[in-house]
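J.: This is the structure I have questions about; it appears just below.
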Amino acid sequence: MVKELEVVNIIPRILSIGEIAKELFKEINKISDNEIILNFKGVEYMCVSFAQEYGHQKKLSKKKITETNISKENENLLNLSKNLYIY
């Protein structure tokens, strides 16, 4: 099954630190559904450290995660940060 989550109902509207991404994925991992749609409507700001940690957590997750209603700037930031966060 597919579960849609509104990001602003789980974490703040201002995504200012990487720890917020960890909190988001703690909630995602509690869900039994394997497909998750993250609705970013209402997110006002995303910093690089959030985007980097989000990308890392998404790679670690066994769930299929897609994003919707994400601003072009934040989408670009997520795409650019994929190469910045290496363990």
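J.: Hey, can you rank 25-33, 50-58 by average C-beta count inside 10 Å, highest first?
T.: Per-residue mean Cβ counts within 10 Å order the peptides as 50-58, 25-33.
J.: Sequence neighbours fewer than 8 away in the same chain don't count; with that in mind, list the aspartates and glutamates whose C-alpha is under 16 Å from residue 41.
T.: 4, 6, 67, 73, 75
J.: Let me ask something additional. How many percent of the accessible area of segment 1-80 is carbon or sulfur, using a 1.4 Å probe? Spell out each step's value before the answer.
T.: On the way: 2320 of 4790 Å².
Within segment 1-80, the accessible surface is 49 percent carbon and sulfur.
J.: Report, in listed order, any pair from 30/64; 3/82; 3/26 with a Cα-Cα distance greater than 22 Å.
T.: Over 22 Å Cα-Cα: 3/82.
J.: Could I ask something else about it? Suppose every Lys and Arg Cβ carries +1 and every Asp and Glu Cβ carries -1, with no other charges. What dipole size does the chain come out with about its Cα centre, to the nearest 20 debye?
T.: Working: 13 positive and 12 negative charges, 62 e Å.
So the dipole magnitude of the chain works out to roughly 300 debye.
J.: Taking only protein heavy atoms into account and a 1.4 Å probe, give the accessible area per residue of the chain in Å². Numbers along the way, then the final one.
T.: Values: 5520 Å² over 87 residues.
Value returned for the chain: 63 Å² of accessible area per residue.
The values are calculated or read from the model by the stated rules, or taken from the named source; none is laboratory data. Predicted, not measured: the structure shown is a model, and the values here were computed from it. Neighbour counts are summed over all protein chains in view; Cβ atoms, including those assigned to glycine, are modelled from backbone coordinates with ideal geometry. Quick note on the areas: whole protein, heavy atoms, side chains included, nothing else; ligands and nucleic acids left out. Shrake-Rupley method; radii C 1.70, N 1.55, O 1.52, S 1.80 Å.
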